[in-house]
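Student: Supplied in structure tokens, the structure appears directly below.
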């Protein structure tokens with residue numbers, strides 16, 4: 001069958017642009033620390049990632065699909081290995097160390113879970129409207145998330161769950177039923193805000209159910225009432241349900257000045273760094289907050305501060321524009337390549353990529369609580385970088401074989 005042989009530049013160029021900005025930010029963030037190896041390691045991971053990307057790009061797509069369950073099994077085994085032999089970093093046992101080499105299996109597990117879930121949902125015999133098939137799909141998605149929860153890594157757990165709903169919807173699952181499951185959980189999470197906000201939010205969700213269904217039904221009241229009761233319970237007993245550092249993060253999100261020298265320090269310094277960058281920025285290697293090390297983890301979770309301070313609004317807007325270009329191209333591929341496995345795989349990856357960007361930039365500017373999520377292709381870390389490059393390579397492969405994949 002005829003294939004497209006041209007590389008999809010609308011996928012490759014934006015990704016490379018983001019990686020270059022990321023390398024500049026890592027170099028700046030680690031400049032003068034006495035540990036220049038962090039930049040060279042990240043550069044090495046980028047080079048390895050390009051090699052892996054083109055390996056995936058030139059590989060037979062059918063082999064990737066046929067072995068999706070094997071990749072998933074490997075991801076699960078690595079997550080189990082972390083629990084048994086993991087290295088603790090930042091309070092989380094999320095890393096495996098082999099000699100001088102360390103990697104984070106959860107980044108691999110997220111990608112392999114997307115492939116396995118896409119494989120199951122794309123099979124002819126799968127009917128997502130049947131209860132047994134629904135529970136199998138949820139089991140595929142939730143099992144690795146459960147193993148990540150046991151690592152005490154809440155940020156990665158949230159991102160690991162982000163692609164479930166979009167993939168189920170693409171596979172034909174009723175959005176209304178999904179809302180009935182999701183709204184009580186969303187309400188429960190809102191329990192950390194004040195009671196008036198919780199009640200107003202519950203009324204809004206109740207109205208959405210009625211409008212979507214175009215009529216009132218008793219089960220809607222039951223679902224929202226259950227969620228509201230759980231939320232109010234959470235509101236009253238949050239201190240006993242959460243660990244101290246989790247409570248600090250929530251309180252810091254609501255009011256960073258509540259503890260400006262402690263839990264609120266990162267958020268306040270991040271805001272100062274980004275706002276001080278202005279429109280054009282202070283210049284490469286010229287940031288005061290970043291170069292004077294006022295921001296902890298500035299080459300990982302808070303690397304967006306480096307870009308905002310040194311490259312200003314222009315640099316931050318360029319980065320977000322490159323992300324937007326990449327995401328829009330992936331969405332274009334979802335609708336243009338008429339293949340169920342491709343649609344589901346790319347839907348999962350777009351959801352994962354989007355939630356990473358939103359959470360990381362949101363927590364940097366104080367819109368989202370700090371939960372420790374890397375900025376894709378930018379934050380220091382080989383596991384995340386290579387994992388994302390593999391998925392872009394796979395998307396390029398889909399685009400290359402667009403005609404033979406369509407039916």
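Student: How about segment 122-149: which of its residues are within 27 Å of residue 62 (Cα to Cα), free of Cβ contacts under 8 Å to residues at least 40 places away in the same chain and part of a helix (DSSP H, G or I)?
Tutor: 132, 133, 134, 135, 136, 137, 138, 139, 141, 142, 145
Student: Spot the failing condition for residue 237; the list is (1) more than 18 Å from residue 371 (Cα to Cα); (2) modelled with pLDDT under 70; (3) touching a helix residue (DSSP H, G or I) at 6+ places or on another chain (Cβ under 6 Å), and only one is missed.
Tutor: Every condition holds for residue 237 apart from (3).
Student: Given (1) within 14 Å of the chain's Cα centre (by Cα); (2) under 30 Å from residue 97 (Cα atoms), where does residue 345 come up short, assuming only one miss?
Tutor: Looking at each condition in turn, residue 345 falls short on (1).
Student: Can you spot a residue in segment 308-322 that is more than 21 Å from residue 282 (Cα to Cα) and at pLDDT 95 or above?
Tutor: Within segment 308-322 (the criterion being more than 21 Å from residue 282 (Cα to Cα) and at pLDDT 95 or above), the answer is yes, since at least one residue qualifies.
Student: Among the residues of segment 56-69, which ones are surrounded by 12 or more Cβ atoms within 10 Å (Cβ to Cβ), touching a helix residue (DSSP H, G or I) at 6+ places or on another chain (Cβ under 9 Å) and in a helix (DSSP H, G or I)?
Tutor: Matches in segment 56-69: 56, 57, 61, 64, 65, 68, 69.
Student: Now, a different point. Does residue 152 satisfy the condition of being part of a helix (DSSP H, G or I) and either more than 21 Å from the chain's Cα centre (by Cα) or in contact (Cβ under 8 Å) with a residue 12 or more places away in the chain (or both)?
Tutor: no
Student: Moving on. Checking the condition in contact with a helix residue (DSSP H, G or I) (Cβ under 6 Å, 6 or more places away or on another chain) and at pLDDT 95 or above, which residue from 117, 78 passes?
Tutor: 117
Student: Hey, could you check segment 285-303 for residues that are part of a helix (DSSP H, G or I) and without any contact (Cβ under 8 Å) to a residue 60 or more places away in the chain and say which is farthest from residue 115 (Cα to Cα)?
Tutor: Checked segment 285-303; the qualifying residue farthest from residue 115 (Cα to Cα) is 288.
Student: Here's another thing I want to ask about it. Residues in segment 82-103 that are outside any strand (DSSP E or B), at pLDDT 70 or above and under 11 Å from residue 151 (Cα atoms): how many?
Tutor: Qualifying residue count, segment 82-103: 3.
The values are calculated or read from the model by the stated rules, or taken from the named source; none is laboratory data. All of these numbers come straight from a predicted model, not from anything done at the bench. Because the Cβ atoms are built from the backbone with ideal geometry, glycine has one as well, and the counts that use them run over all protein chains shown.
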